[in-house]
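The structure appears right after this line, and notes come after that.
Every number in this text was worked out from the coordinates using simple rules, so none of it is lab data. In this text, all values refer to a predicted model and were calculated from it rather than measured experimentally. Cβ: placed from backbone, ideal geometry, glycine included. Neighbour counts: every protein chain shown.
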Amino acid sequence: MPRAEAGTLGAEEPPSPLARQRMQEHTPKENPSMNYGSEKAERRAVFRKQVKVLLTPLSMEEEKRNKRLPQKRLLEKFSSNEGPSEREPKVKKSRGDPTSQQIRDVSYKASSSPRGVIPNMSSLHNTTSMVSPTNTSVTVDHDSENNWDTDSEGSNSDVSYLDGSSQLSAYERKRLKNITENANFFASLKLLESAARLRKMATKGQSHGIKRVKPKKTEAETVRRRSMRLQRVDPSGVPLPEIPAQPEPVIDEYPQLPPGPLPMVPANPSKSTESTDAFLETWTKISQINPNDTEKYMCNLERYKASLSHMILSEDAVTKVVKNRIYSVAIHPSESRTLVAAGDKSGQIGLWDLNSKSEDGVYVFIPHSQPVSCMYFSPFNPVHLLSLSHDGTVRCGDVTRAVFEEVYRSEENSFSSFDFLADNASTLVVGQWDGDVAIVDRRTPGTSSELTANINSKTTRTVHVHPVNRQYFIAAGAVNVCIFDARYLKPNGNKPISFLSGHTKSVASAYFSPITGNRVVTTCADDTLRVYDTSSLSSMIPVLTAVRHNNNTGRWLTRFRAIWDPKQEDCFVVGSMARPRQIEIFQDTGEQLHSFYNVDYLGSVCSINAVHPTKNILVGGNSSGRLHVFKD
């Protein structure tokens, strides 16, 4: 029987050169001292092809480490189920480990055999008693194939065919079989090939230059349950009649006042007719002054700074005059009595007589319906208080007649500021928010303007007339600040005679110096106060002095407007965002001369300020309708 098997083996193809080389390298030389040499020679003669196995004892740590191989390593070694003749197993190099090298040799020789016969552990164990434990050549009988084909769990011959190593346990052989079957199943699906084919089709089908419109997702609308009340159906199922839609009430924030004169009746509910008449009579008495008596003069800087230090704020010099945010402040030029006026956001004008008690001396009138942004007592006749509002009206409060008469009215435009062109205050120049300016003559009947001129500006916030050459006025609003000659104005195509450059954002105000007009101070939203030399009106007037100043008042504060002190040619007043809250005085050189503050009675920003023309009185108005009066 062994000879028949040998003959059968001999009919097979000879081993490959690589297999023969490994067999020669790992076959030990014959040792004549051993007593079993004759037996080996006899077996060598019987079998023409032998399997040589070199065994080395494994340590316990290596045995535990190799007991369960990772899935990736199992797949690398035993993933092929097509037979050893089609695919050779991968052999991983070891670093000087004779045991692993010998085991790989056995696996390789077994896989390269014709039938893929792999020796079992029992046959190897039986032969180990005949060899040395360190380096022994073992002859494997092919009859062990029958013992190897069946495992402890009843697996078929394919498992022993796939595992390829005698070191795998029954669990690992079954696990290897499952891994192989799963890999074959996913390979049969050909998912990668299908994905590549679809990607290629999408690439070919996409056309360049044509914008593909994604279809809108149609969301399934959920049916919401509605009660019969919402469906307007009564319990019996009969639809109820539709309720007619009620027109929404239109709430006008600024109700328009009727045109024509308005009576000078205070809005204070506590003011009686007798007290109002007494107040108007007092106003008339203090206005009996000659404008030539109030001669303008300028003292030296040291005396001026000393006078500023004597101006203080007391408790009785702070009171709420109007209801809302203050947009304009004016001081009566009388030296015998202090009368202050303030215009707020809602169109109210509050008059405060500081010589009477704070509560009894405040009278509120409502001649406008929108913010009162500019207001002056007439320098020629202070019984007149002229006020301008965003509602498109300019009114004159005449104390002698106790009426607010209309001077100028426009239904289409909104006004921003005005100033007197003539010394007798008979003509006005009015700035509009749309950028135009209008020339108004108070002596002509009616409430229309004499001329409306386009000065090529987006908006006009302030206009101011030169104190000496009153035909010149300066207009500021957008980035551009220009000086015009009122004598040459026409409806369109007006060109300025001077342009004040250097502004990068909108300009809140621009005013000539009060005595000579040789300086102009501007307040810009780029946080800069600029002073220009206008002693000679050239086409381009450069900046003389630039002062960094925080002008970011925000939405809820009135914008700062730097104004000149009428008593001092080279000093101007401006509000401040600094803490403690204060009002600042600067010289035209940029030097800060003084700060008016009082921690106890001034706790808010005074955006709008006014200075008395002859006395040391400074009035500051905040955004809550409160006036603060600094005086010596």
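The mean sequence separation of alpha-carbon pairs under 8 Å and at least six residues apart, normalised by the residue count of the stretch 442-575, gives a relative contact order of 18 percent.
With bins 5 Å wide beginning at 0, the percent of Cα pairs of the stretch 508-598 falling in each bin runs 3, 14, 25, 26, 18, 9, 4, 1, 0. For the stretch 322-428, the spread of Cα positions along the three principal axes, ordered from largest to smallest, is 42, 32, 22 Å.
Of the residues Cys374, Leu339, Leu386, the one whose Cα sits farthest toward the positive end of the charge dipole of the stretch 299-406, with +1 on the Cβ of Lys and Arg and -1 on the Cβ of Asp and Glu, is Cys374. Between amide H atoms placed 1.01 Å from N, distances below 5 Å from Phe512 occur with no residue 5 or more places distant or on a separate chain. The distance linking the stretch 396-431 with the stretch 534-555 is 28 Å (Cα centroid to Cα centroid, whole angstrom). Per the Debye formula with a single identical scatterer at each Cα and no solvent contribution, what log10 I(q)/I(0) holds for the stretch 570-632 at q = 0.13, 0.18, 0.29 Å⁻¹? Reported log10 I(q)/I(0), two decimals: -0.32, -0.61, -1.39. Treating each Cα of the stretch 408-558 as one equal point scatterer and applying the Debye formula with no solvent, the log10 of I(q)/I(0) at q = 0.13, 0.19, 0.21 Å⁻¹ comes out as -0.57, -1.17, -1.37. Applying 1/(1 + (r/R0)^6) with r as the Cβ-Cβ distance of Arg225 and Ser414 and R0 = 56 angstrom yields a FRET efficiency of 0.60.
Note on the stretch 480-521: Kirkwood hydrodynamic radius from all Cα pairs is 12.0 Å, rounded to one decimal. Just so you know, the averaged projected area of the alpha carbon convex hull for the stretch 447-506 sits at 4.7 nm².
Scalar couplings 3J(HN,Hα) for the stretch 181-187, obtained by applying the Karplus form with A = 6.51, B = -1.76, C = 1.60 to θ = phi - 60°, are 5, 5, 5, 5, 5, 5, 5 Hz; x denotes Gly and Pro.
Annotation for Lys285 and Asn182: the two label points, set 7 Å from Cα along the Cα-Cβ direction, are 10.9 nm apart. The amide H of Asp565, built 1.01 Å from its N in the peptide plane, has Cys571, Phe572, Val573 as neighbours under 5 Å, considering only residues 5 or more places off or on other chains. Remark: the stretch 598-612, residue by residue, has Karplus-estimated 3J(HN,Hα) of 7, 5, 7, 10, 10, x, 9, 7, 9, 6, 10, 10, 8, 10, 5 Hz, where x stands for each Gly or Pro and the curve is 6.51 cos²θ - 1.76 cosθ + 1.60 at θ = phi - 60°. Tell me the chymotrypsin sites (Phe, Trp or Tyr not before Pro) within the stretch 257-352 that lie in a loop according to DSSP and have at most 15 other beta-carbon atoms within 10 Å. Taking the stretch 257-352 and a limit of 15 other Cβ atoms within 10 Å, the loop chymotrypsin sites (Phe, Trp or Tyr not before Pro) found are Tyr297. With the cut-off at 23 Å, tell me which of the pairs Lys458/Lys495; Lys345/Lys495; Lys305/Lys345 have Cα atoms farther apart than that. Table pairs above 23 Å Cα-Cα are Lys345/Lys495; Lys305/Lys345.
What does the charge count near Gly397 come to, summing +1 for each Lys or Arg and -1 for each Asp or Glu among other residues with Cβ under 13 Å from its Cβ?
Taking every Cβ under 13 Å from that of Gly397, the sum is -1.
In this structure, the amide hydrogen of Lys505, modeled 1.01 Å from its nitrogen in the peptide plane, lies closer than 5 angstrom to those of Ala525, Asp526, counting only residues at least 5 positions away or on a different chain.
Working note: Karplus 6.51/-1.76/1.60 with θ = phi - 60° gives the stretch 272-284 the couplings 8, 5, 5, 5, 5, 5, 5, 5, 5, 5, 5, 4, 5 Hz, where Gly and Pro are set to x.
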